Amino acid sequence: MRILYMIFLGGGFSLMVANGFFGREFFGQRRRADLPPSVRQTPGAYRTFLHNNGFHGGK
Amino acid sequence: MSALASCPSCGAALSFRPGTMVAVCPYCHALAARRDRDPELIGKVAALMDTGSPLALGATGTYTGRAFTLAGRVQLRHPLGGVWDEWYLALDDGRWGWLAEAQGRFYLTFTQAPHGTLPAAGSLEAGGLADLGPDGLWTVGEVSEATFHSAEGEIPWAVDPGATYRFADLSGQHGAFATLDYSEDQPLFFLGREMSLAELGLRGGAKKPGKVGVQNLNCPKCGGPLALRAPDETLRVGCPSCGSLLSAEGGKLAFLKSLKQPRQDVVIPLGAEGSLEGVPVTCIGQLRRSCTVDGTVYPWNEYLLLDGQHGFRWLVQSEGHWSVAVAVAPGDVPQARDGQRSLFALGATWRRFQDVAATVEGVWGEFYWQVEQGEQVQVTEFVAPPRSLTRERQAHKGGGGEVNWSLSTYLRPEQVQAAFKLQPLPEPTGVASFQPNPHKATLASSWLWLVGALGLLLILVMAESVTHRNVELFHRKLDLYELAPNLRQVEAEAIRRGIPVRRPSPTPGPAPAAEAQEPVFFSDPIEIREGRQNLAVTLSAPVNNSWVGVEGALVSETTGVAELFLLESSFYHGVDGGESWSEGDHTQTVFLSAVPAGTYVLRLAPQWDGPLPPVRVIDVQLRQGVMRWLYPGLALLAILVVPLILVFRLAAFESRRWQESMYGPSAGTGGGDSGGDD
């Protein structure tokens, strides 16, 4: 039980420290992507790029 | 100064101290009563029984600074069999003390003039209270009769050979002890307390406490060998070979009757020696007792242990659970009324667990009272794990009775196994009434962790609240019609076709186009200086039974790494079956992980259903260093989850314990001294 407790404490505090002091987020609808320069230099290409990478909103 | 006289029977020299009423001739055992001139022969006494007492005539000692001598002894016979010794201390100030000895315990009392009226013998009941007015409220330990058996030395009272004396033993707190002697018209009051021999500083005549000796005899019924380890105190023997019940009074075995014994489950054999709680003990007897509750028989075994000081204790085994029980003075336990749920005694609060009638089913080995098969006592058990306080009330044949309290301490099977060097004992089944809750210790040990973790959590939250300043990096109200200028054209087309449109503010605009453009917004460069704090993007829109979303990207101008996110403002409401309802929210926030310091551009692509947006303006905000209560909440949950599991398991254990009780939460108001079936 003590080991289990330490695992829980370690997990809980790790999440909190990672968020509070390193700005890491673990929940929510977000994704990180590398945009090629061709996309960045062509505003209209964003939508196509994002759609092609499976990232699009809407109901 | 003792007066010398001659024995009226044999002429031997007799000594009469001041206060001596009767002297016993050591040669002819004549009882010589003190008279004005010569002693008067009033009878002869039987030979003294060897009770194994560590005391002897002539021993000296001190009590409250006064020297004394053990001047005489009377042996009295108890109605349940056996005799006990009453020693008489002649103090150097002329007073006499009564030192009663029973089962290795000593009670020193002095005669007192009562300050109030003493209660009549008939008004006293074992286990009840005796109100002596100014002399206090006492617990009646026993009301019984004593019969004179024998004597030696000098006796400070007028002994009547063969006479019977009615008495009541009273017990008070902290070892206080009193006796009411009803042998005379006016009851006599003796007051004192339980004492150890060490307190009396006995020297000289005192014998060393006897080592547990063994007297080898044979069963008069079957001839089987019987080893008596407490021959001085044994009154009954259950022959393990043939099951006969034998009388052992007077040092001789006599057949009484054959018993129909149940199967003997022997865990600790008779004669087994061990060390329990640091005290050397020998197992001299085994009882099997049982009680019946709601038609179910619950048996248990009790092993009688003799220690080196001729004291007794019990080792009790029930469904694999073990406990050791020692006697407690009735006066140390307050009066327990019928149905009383709890009591405070011996520094603890005890909860009533059950009232049952316990019946003796099997008898093996030797016992210090006249045990009988079928003998019944009314047992009331109070528990404060890992201990229990048990009251046993027993009525004497021919009137009177006694109450005995015992204090039991739970033992783990490994402790018993180690004490008697036994093979591994079976694991207990179920939960015993006073079994310590194993989860309590685990929970207690986790308290330190819990407090430490809560403290750490508090420190972290305070540190976060200082460092997280909720800095606004971007805030913009986006006019969707400005973002997609052809929306007005689409709107005009819809009006022309008679399609109702919903427009928040019908501001005139440029000429509509045939198809709506997809609105996209790119912010000016945003400087992010802090690379270790999270980001929050918030969308707010006054939608009404509609939704508007934003497909967003925070793009680093340096690396091209983009944080992609989706936001949606969605709010629906209505009335269904007379009940109003709503769902969704006008505002939504998405949190992004920290990004390296640098320059970023925010791309926002609003979305909605249909050709026209449900709102004209949406509000988008980007902040950094936003306090997130989700993570302290998760940490708090992690801190509490194990203690909560332990609390649950602790409660489940207690629930199992009290399910067996007559006084558990699920039990009715029933339960009382007659609560158990028999």
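What number results when the radius of gyration of segment B:320-427, computed over Cα atoms, is divided by 2.2 N^0.38 Å?
Cα Rg divided by the expected 2.2 N^0.38 Å: 1.20.
Taking neighbour counts of Cβ atoms within 10 Å as a proxy for exposure, in what order, fewest first, do B:Asp169, B:Asp619, B:Asp265 appear?
B:Asp265, B:Asp619, B:Asp169
What is the average number of partner chain Cβ atoms found within 10 Å of a Cβ in B:588-599?
3
Pairs of Cα atoms under 8 Å, at least six residues apart: use those to get the relative contact order of segment B:519-590, whole percent.
With pairs under 8 Å counted, the relative contact order is 32 percent.
For segment B:360-367, take each phi angle, set θ = phi - 60°, evaluate the Karplus expression 6.51 cos²θ - 1.76 cosθ + 1.60, and give the result in whole Hz per residue in order, putting x for glycine and proline.
After applying 6.51 cos²θ - 1.76 cosθ + 1.60, I find 7, 9, x, 9, 9, x, 10, 9 Hz.
Run a plain Debye calculation on segment B:45-200 (Cα atoms as equal point scatterers, no solvent) and give log10 I(q)/I(0) at q = 0.10 Å⁻¹, rounded to two decimals, same order as the q list.
With no solvent term, the Cα-only Debye profile gives -0.34.
Need one value for B:524-537: mean number of C-beta atoms belonging to other chains within 10 Å of its residues' C-beta atoms.
2
If amide H atoms are built 1.01 Å from N in the plane of the peptide, which residues on other chains or at least 5 residues away come under 5 Å of the amide H of B:Ala146?
The answer is B:Tyr165, B:Arg166, B:Phe167.
Rounded to the nearest Å, what's the spacing between the alpha carbon centres of segment B:534-608 and segment B:619-654? Just the number, please.
Each part reduced to its Cα centre gives a spacing of 26 Å.
Provide the per-residue ³J(HN,Hα) series for segment B:547-554, in order, calculated from phi with Karplus coefficients 6.51, -1.76, 1.60 and θ = phi - 60°, each as a whole number of Hz, with x at glycine and proline positions.
9, 9, x, 9, 9, x, 8, 9
With a Förster radius of 25 Å, plug the Cβ-Cβ distance of B:Gln415 and B:Ser241 into 1/(1 + (r/R0)^6) and report the FRET value to the nearest 0.05.
0.20
Based on alpha-carbon atoms only, what is the radius of gyration of segment B:134-263 relative to the globular estimate 2.2 N^0.38 Å?
After normalising by residue count via 2.2 N^0.38 Å, the value is 1.43.
Neighbouring Cβ atoms within 10 Å as the yardstick, rank A:Arg30, A:Arg2 fewest first.
A:Arg2, A:Arg30
May I ask you to sort B:Phe382, A:Phe21 by Cβ crowding, counting other Cβ atoms within 10 Å and putting the fewest first?
Ascending number of Cβ neighbours within 10 Å: A:Phe21, B:Phe382.
Consider a paramagnetic label point 7 Å from the Cα of B:Leu80 along Cα→Cβ; state which residues of segment B:244-271 have an amide N under 18 Å from it.
B:246-250
May I ask you to work out the translational diffusion coefficient for segment B:250-346 at 25 °C, viscosity 0.890 mPa s, via Stokes-Einstein with Rh from the Kirkwood sum over Cα pairs, reported in whole µm²/s?
The estimated diffusion coefficient comes to 150 µm²/s.
Net charge around B:Gln415, counting only other residues with Cβ within less than 13 Å of its Cβ (Lys, Arg = +1; Asp, Glu = -1)?
Value of the local net charge: 0.
In terms of Cα to Cα distance under 17 Å, which aspartates and glutamates are near enough to B:Lys257, apart from those fewer than 8 places away along the same chain?
B:Glu249, B:Glu361, B:Glu366, B:Glu372, B:Glu375
Starting from the Cα-Cα distance between B:Cys222 and B:Ala395, subtract it from 0.36 nm times their residue separation and give me the gain in nm to one decimal.
Contour length minus Cα-Cα distance gives 59.0 nm.
Hey, what did chain B get for relative contact order, percent, Cα under 8 Å, at least 6 apart?
Relative contact order comes out at 10 percent.
Applying a 10 Å radius around every beta-carbon, put B:584-595, B:607-618 in order of their mean neighbour count, most first.
B:607-618, B:584-595
Can you run the Rg to Rh ratio on the protein assembly as shown? Use alpha carbon positions and the Kirkwood inverse-distance Rh.
Reported Rg/Rh (Cα atoms, Kirkwood Rh): 1.33.
Using only the Cα atoms of chain B, what do you get for the radius of gyration and for Dmax, in Å?
Cα-based Rg and Dmax for chain B come out at 44.3, 151 Å.
Values in this text are rule-based calculations from the coordinates and carry no lab data. All figures in this text were calculated on a predicted structure; none of them were measured in a lab. Methodologically, a virtual Cβ is constructed for each residue, glycine included, from the backbone with ideal geometry; neighbour enumeration extends over all protein chains shown.
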